[in-house]
1. Among (1) farther than 24 Å from residue B:181 by Cβ; (2) within 23 Å of the chain's Cα centre (by Cα); (3) part of a helix (DSSP H, G or I), there is one condition residue B:155 misses while meeting the rest; what is its number?
2. Answer yes if at least one residue in the stretch A:69-83 is over 26 Å from residue A:297 (Cβ atoms), assigned by TED's automatic domain parsing to the domain that holds residue A:180 and surrounded by fewer than 16 Cβ atoms within 10 Å (Cβ to Cβ), and no otherwise.
3. Limited to the stretch A:101-139, what total is found for residues that are closer than 30 Å to residue A:253 by Cβ and of a type in the set (S, T, N, Q)?
4. Counting only residues that are of a type in the set (Ser, Thr, Tyr), at the interface with chain B (Cβ under 9 Å from one of its Cβ atoms) and more than 14 Å from the chain's Cα centre (by Cα), how many does the stretch A:291-313 have?
5. Among the numbered conditions (1) closer than 25 Å to residue B:283 by Cβ; (2) surrounded by fewer than 17 Cβ atoms within 10 Å (Cβ to Cβ); (3) touching a Ser or Thr at 6+ places or on another chain (Cβ under 8 Å), tell me where residue A:181 comes up short.
6. Can you tell me which of A:8, A:16 is within 14 Å of chain B (Cβ to nearest Cβ), touching a residue at least 60 places away in the same chain (Cβ under 8 Å) and in contact with a helix residue (DSSP H, G or I) (Cβ under 8 Å, 6 or more places away or on another chain)?
7. Quick one: in the stretch A:277-315, which of the residues that are at pLDDT below 85 and closer than 19 Å to residue B:254 by Cβ is most open to solvent (accessible area, probe 1.4 Å)?
8. Quick one: would you say residue B:227 is within 13 Å of another protein chain (Cβ to nearest Cβ), at pLDDT 90 or above and either open to solvent by 50 Å² or more (accessible area, probe 1.4 Å) or under 30 Å from residue B:120 (Cα atoms) (or both)?
Amino acid sequence: MRRKVILYVTKAVLTYIIVLFTSFTIVFFFLRLIPGDPVTRFVSLMMRRFGYEAAPETYTATVEEFKRVFGLDKDIFTQYLCFLRELLRFNLGPSFLNFPTPSQVLIVRALPWSIGLLGMATVLAWIIGVIAGTLVAWVRGTKLDHVLFTIALCMSQIPYYLMALFLVLGLAYTFAVFPARGAYSPTLSPRLDLQFILSLIRHGTLPALSLILVSAFGWLISTRSVAITIIGEDYLRLARAKGLKRMRILSRYVLRNALLPQVTGLAMSLGFIVNGFYLVEWIFSYPGVGTLLALALGVLDYNTIQGIILLSMFTVLTANLLMDLLYPLVDPRCLHEV
Amino acid sequence: MKSKISDIVLSIVDGIQRSLKTLRSSTRLTIGSILLAIILILGIFEPLVNSYRLGGRSPVELGLYERALPPSFEHPLGTDMLGRDILALVLVGLRYSLLVGAIAGGIATLIGTVIGLLAGYIGGKIDAVLNSITNGVLILPTLPLLMAIVAYVRMNMVLISITLAIFTWPWSARTIRAQVLSLKERPYIELAKVTNLNDIEIVFKEIFVGLIPYIMVGLSFSVIGCIIAETSLRMIGLGPAEIPTLGFILGWAMTYGALAQGYYTLVLAPAILLILLFISLNLINVGLDEVFNPRLKKITGL
């Protein structure tokens, strides 16, 4: 048994490392081999922005100097080795957006906003969806179930960013209930007091809501189908025959069993946090990773772009690994398939 | 000769009747198909409608009308800050969105079907490799990669469609592979092997027919995926302005602060059209599942 556990864990971790390494390598070569010269574009952009006219020689010299700073003067394999070495030191290289500041600083600054907002929203949506899905499964086959299920089918298809647009339009512009932009009121400075926290919540409501309104319905659909198969099981008939109260059957028997597959789903979508919701942040100018990516794409800041892509791959793959490692606790049978 | 023609006519009528019956057997399929048909007609006849309404002038021409007109009979959605009719703009956007969705979704489904067939039918090492590639593309966060490509490379209609397809084919590949795996084990395939049909004949004559509903489901998933991805790119201002899709209109409206200035219809109309399109395709998917997978109905009690 113990040998099997060790074998299973080694296999999962090894696969994780190989996949992570391969995808990082692919991303690196992919971004380097795409045609287009970001450094030249960056230099001419800077010159235009500061109204700086340069003689052609000075211009070429500047471009060469910047290429040296960004490590682009060497051949691609040396660049690759450099990239790997610097990655281990957690260094992504200087950014264009905010020139000498390294990209990782920009990303780390944006990360807590994304995790706070989207993590909270994902978990809330999950809780609402799982409970609602169990309740809907309980009344399966009725008119209410049919109507709710169809509504859920339609709502879960709306992309987050379109939902965000509707919410901004309705609750920020038509009725000014919530602010339309930013993460906190510009008159406040970040500190730990009631006023600031209230402002955070007020600004976070609409972005969070646009995510919850869509994905809660998605969870509802998947929980409903899991719960319906559970309701059909014999032990539930026994529970009912024993005369257990309806609430007790729902919470102890149905919800608890439906929870297991849904927990793995939650872990997966938490891994996708950095990936899925770029546009919601962009629409609300929320200072998270999504807005940073949009800004970086605008000036072709490839160190930052590459960093964000690597970060989202890392989170997704790591969430996947954690799920693989935790899965035997839920279902020990998978240990025997190694 | 005469009987042959009447036979053909009869069989066509029969075919139409049967597909109408399939359509009517599921309410969701019916509603979805009607919605999709309306949207497709709006998109396909856009050039006609626009040239009639605008008297032959281009809907993107600046200053064609007075600026910021509120919705009226002449301009059902009003005009924008550059003096263009918003309804005309949105219809153009719809046509381009549908075009990109159809081309990209079609390519994605083609790639997915071929790879799913190969992996499922041949099996063994080839299946292992193709399947891990499929799962790899499915699990990796593709949107930022897609955004980076579109930001660096100058795109046209075909190029952007191919790029979108490269990231969306795994959905249909997975469905097709699973279906091929199950079809392969059916007795009639064994029979076909015994009667000396070769692999290519078996795949095209026997298996392909059973795949058609799944290819359709894969197609509508791919179209949804491609249009969602395309719209996301365009909303942050990436991609060529020569292809003014609904996403481009939304992105443009956002950068010009259309909401803050009160041009609500400029944002609402494209968003509602896109949502209706996604809902109709999804209803069709669920409906097809209900029709072709009646067991599901019993199990889940839909």
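1. If we test residue B:155 against (1) farther than 24 Å from residue B:181 by Cβ; (2) within 23 Å of the chain's Cα centre (by Cα); (3) part of a helix (DSSP H, G or I), just (3) comes out false.
2. First, the residues of the stretch A:69-83 that are over 26 Å from residue A:297 (Cβ atoms): A:75, A:77-78, A:81.
Those left that are additionally assigned by TED's automatic domain parsing to the domain that holds residue A:180: none.
Checked against the condition, which is being over 26 Å from residue A:297 (Cβ atoms), assigned by TED's automatic domain parsing to the domain that holds residue A:180 and surrounded by fewer than 16 Cβ atoms within 10 Å (Cβ to Cβ), the stretch A:69-83 yields no hits at all.
3. 2
4. Of the residues in the stretch A:291-313, the ones of a type in the set (Ser, Thr, Tyr) are A:291, A:302, A:304, A:312.
When the remaining residues are screened for being at the interface with chain B (Cβ under 9 Å from one of its Cβ atoms), the result is A:302, A:312.
From the residues that got through so far, the ones that are more than 14 Å from the chain's Cα centre (by Cα) too are A:302.
Result for the stretch A:291-313: 1.
5. (1)
6. Values: A:8 fails: within 14 Å of chain B (Cβ to nearest Cβ).
Of the residues listed, the single one that is within 14 Å of chain B (Cβ to nearest Cβ), touching a residue at least 60 places away in the same chain (Cβ under 8 Å) and in contact with a helix residue (DSSP H, G or I) (Cβ under 8 Å, 6 or more places away or on another chain) is A:16.
7. Step by step, filter the stretch A:277-315, then rank; the result is A:298.
8. On the way: within 13 Å of another protein chain (Cβ to nearest Cβ): yes; at pLDDT 90 or above: yes; either open to solvent by 50 Å² or more (accessible area, probe 1.4 Å) or under 30 Å from residue B:120 (Cα atoms) (or both): yes.
So residue B:227 passes the test.
The values are calculated or read from the model by the stated rules, or taken from the named source; none is laboratory data. The model shown is predicted, which means the values in this text are computed figures rather than measured ones. Reconstructed Cβ throughout: ideal geometry from the backbone, glycine too, with neighbour counts over all protein chains shown. Accessible surface is based on the protein model in full, side chains and every heavy atom, while ligands, DNA and RNA are left aside. Shrake-Rupley method; radii C 1.70, N 1.55, O 1.52, S 1.80 Å.
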